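Presented below is the structure to which this report refers.
The values are calculated or read from the model by the stated rules, or taken from the named source; none is laboratory data. For clarity, every value in this text was computed on a predicted model and none was experimentally measured. Heads up, the Cβs are rebuilt from the backbone with ideal geometry, glycines too, and the neighbour counts pull from every protein chain shown.
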Amino acid sequence: MIKDEKPTIYYDGSCPLCRREIGFYQNQTGADALEWIDVSQSDNLDVVHGLSCEVAMKRFHVRCADGTMVSGAAAFFTLWAHLPRFSWIARLGRIPGMSHLMECVYRVFLLVRPTVQRIAVGMERNR
């Protein structure tokens, strides 16, 4: 791993919710210090060594500058830690049990995500 490598955000750009949320984060102070990868545009089976496109499309992932890969709630806490406006939320992740609670919430969201995506697509078509 190169010492000056940027943390990398892997997101599903084919998901209207993800695309909107990531677009919001990309416009925040600090976002230029991150690499943003839309995994839906990958034509490789592996987006990066150790992360398949299939897995990356199912969960939010961040590769830290040291090469550590995190996903789910941990990935969001990592992203927020790099955006000054959201660093206070990242600090909440250090409260005992908070990371586990947020991971549980994230997993519930993943169950309803397909339905929410269909609603979001319908709303985009009606604009």
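If you go through the range 1-21 one residue at a time, how many are among the acidic types (Asp, Glu), under 13 Å from the mean Cα position of the chain (by Cα) and either part of a loop (DSSP other than H, G, I, E, B) or at pLDDT 95 or above (or both)? Summing the residues that are among the acidic types (Asp, Glu), under 13 Å from the mean Cα position of the chain (by Cα) and either part of a loop (DSSP other than H, G, I, E, B) or at pLDDT 95 or above (or both) in the range 1-21 gives 1. Could you list, in sequence order, the residues of the range 8-19 that are under 14 Å from residue 82 (Cβ atoms) and surrounded by fewer than 20 Cβ atoms within 10 Å (Cβ to Cβ)? Within the range 8-19, 8 is the sole residue that qualifies. Criterion applied to 127, 63, 94 was being among the basic types (Lys, Arg) and under 15 Å from the mean Cα position of the chain (by Cα), and the one residue passing it is 63.
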